[in-house]
Structures are given as C-alpha cells and as structure tokens.
Amino acid sequence: MISYLVRNTFARILRSHNAVNIVASSAFKKDIHTTIPSYELMEFFDSKKNWTETSIRVGRAWKLDELRIKSNSDLHKLWYVLLKERNMLYTMEHECNDKMKLFPNPERIDKVQESMNNIETVVRERNVAYYKLETGETGERPVEDVVNIFGLPEKYEKSEHYLPKFMNTRWVRPYLEHGFTNSAAVKRFYRLNREKQHNNDRKARNRDFNHVQQLLKRFPNMDMEKLKAEYPNVDLEKAKRSKKARGHYFPKY
C-alpha cells in the first residue's frame, strides 16, 4: 500500500513537472518568420515546381478600393507579405540572369510594386485624415517652390536644421545678388535650356499635326470631337485645309 502511494505521488509530480515545462516552452517560444512554415534562406527563392516553368499564372495587383476597406493591421501584414514576395522575385530574376535563363512573368515585380505603392497611398490618406481631425493640418512635410543653383524651378521639402536660415552661409551664398544663381554661366545655361525645351515642344506639336493630317487622309469620316479631345493642341481646321490631309477623293469638309 505504501509503495502504491509513493508511485502514485511520484507519477503526479512528474506529470505536473512535464506540464509546467510544456507551458513554459510554449510561452517563451518566439517565431521570427512571418509565415507558419520556416524555410530559412529558401524563402528568398520560388517554389521548386516553378523553377522549370516558362509561364506562371499570377493575379493582378491590389487596387486602392480594396485596400481602403482593410484595417491597419491587415495592411501591415500585407505589406510584409508583398515585401517578401518582392525580395523573392528579385532573387529569382538575378539567379535567372546569372544562369542565362528566362525569368518567367517579369511583370510580377511591377504588380507587387504597384500594390506596395497603393498601400503607401492608403496609409498616407489615413494619416492626413487623422492629423486634419486632430490638429487641422495634414501632418506632412511642407513643400515650396524654389530655384536651384542652376536656375531651374524645383520642389523643396522643408526640414529642421540646427542653424537658422540667415546664418547658414552654405545655403545663403548661392542666392545672394552675386551668387551662383545670378552668375552669367547659370543665366546662359537657363537660356539654352529654355531654348531646348521650346524646340522639343515645337517638334512635338509638329508630330501631332502631321499625325492628324495622316488620320484625316486615311479616315475622312472619323469623329472630329474625339479627334479634338485626343489632340487638343492641334488646329483641326488648319489640318483639314492642308494638302496632306486630302486623299484621292473630294473632301466632305
């Protein structure tokens, strides 16, 4: 009887000790992976069944309307899923280029990047809405139009500096009366740049005008309103009167 009690007591103590160990191990266990199975470095590679494929069926990118109805935690999880997918695709693309093989469906990288950009857009919209509700401001870094040292306009995002503006000689010196922006070299560069931009615009207008002439010649019965909406900078009346727009027929306009 005594031996039975001793064995029973020892068995209970052993079971309780094992239960405590199991609970402690499950409580202090940490999983550093975002997915349930752990593949270590193989997570940077696609599944082996796709290594020899030339075409892989994939879906489309996430749309803004689909992401706006998700919670912040879901967006956070989806961001890391897309991040792992992008890293995997970059690794597979580099490996295929190294082995001189065809990388199947390279547009997958563009779809993943588009989805990540849409997530950033949704998160920015929520941050702006929150700051406007709490403080009446957007909460984003203010941006103003400035002129750089080459005399060209650009967008400047303001940031905090330990020196005031009037004490920062590195920033003030280019904008003085005889600074870099008012020098003869910068003025000459700005004049030549404007001339180049004017020539590019003129050539673009000529290309559009010639293209409209060819369209009128090949399709005389086309819708003029849609043509005007497609090429708003082209004078349709002038294009109609030109000889290039007339084919071997009597024009109807």
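The values are calculated or read from the model by the stated rules, or taken from the named source; none is laboratory data. These numbers were taken from a predicted model, which means no experiment stands behind them. FYI the Cβ positions are ideal-geometry reconstructions off the backbone, even for glycines, and counts take in every protein chain you see. Accessible surface areas use protein heavy atoms only, side chains included; no ligands, DNA or RNA. Shrake-Rupley method; radii C 1.70, N 1.55, O 1.52, S 1.80 Å.
Structure values in brief
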quantity	calculated
Met116 vs. criteria at pLDDT below 90, open to solvent by less than 70 Å² (accessible area, probe 1.4 Å) and under 19 Å from the mean Cα position of the chain (by Cα)	no
Cβ pairs under 6 Å, 6+ apart, first in segment 218-245 and within 18 Å of Asp201 (Cα to Cα), second of a type in the set (A, V, I, L, M)	Tyr231/Val212; Val234/Val212
Qualifying residue in segment 99-108 (condition: over 18 Å from Thr54 (Cβ atoms), in contact with a Ser or Thr (Cβ under 7 Å, 6 or more places away or on another chain) and of a type in the set (A, V, I, L, M, F, W, C))	no
Given (1) open to solvent by 50 Å² or more (accessible area, probe 1.4 Å); (2) in a helix (DSSP H, G or I), index of the condition Phe150 fails	(2)
Test: residue in segment 190-203 that is of a type in the set (A, V, I, L, M), at pLDDT 85 or above and over 31 Å from the mean Cα position of the chain (by Cα)	yes
Single residue of segment 80-104 satisfying the filter (more than 12 Å from Asp46 (Cα to Cα) and basic (Lys, Arg)) that is most open to solvent (accessible area, probe 1.4 Å)	Lys101
Some residue of segment 165-182 being farther than 29 Å from Arg141 by Cβ and at pLDDT below 90	yes
Residue within segment 63-76 that is more than 18 Å from the chain's Cα centre (by Cα), over 30 Å from Glu160 (Cα atoms) and not in a loop (DSSP other than H, G, I, E, B) present	yes
Pick from segment 126-147, criterion part of a helix (DSSP H, G or I) and free of Cβ contacts under 8 Å to residues at least 12 places away in the same chain, ranking: least open to solvent (accessible area, probe 1.4 Å)	Ala129
Failed item in (1) modelled with pLDDT of 90 or more; (2) open to solvent by 60 Å² or more (accessible area, probe 1.4 Å), with Thr54 passing the rest	(1)
Test set (1) closer than 30 Å to Arg68 by Cβ; (2) at pLDDT 85 or above - Gly139 fails condition number	(2)
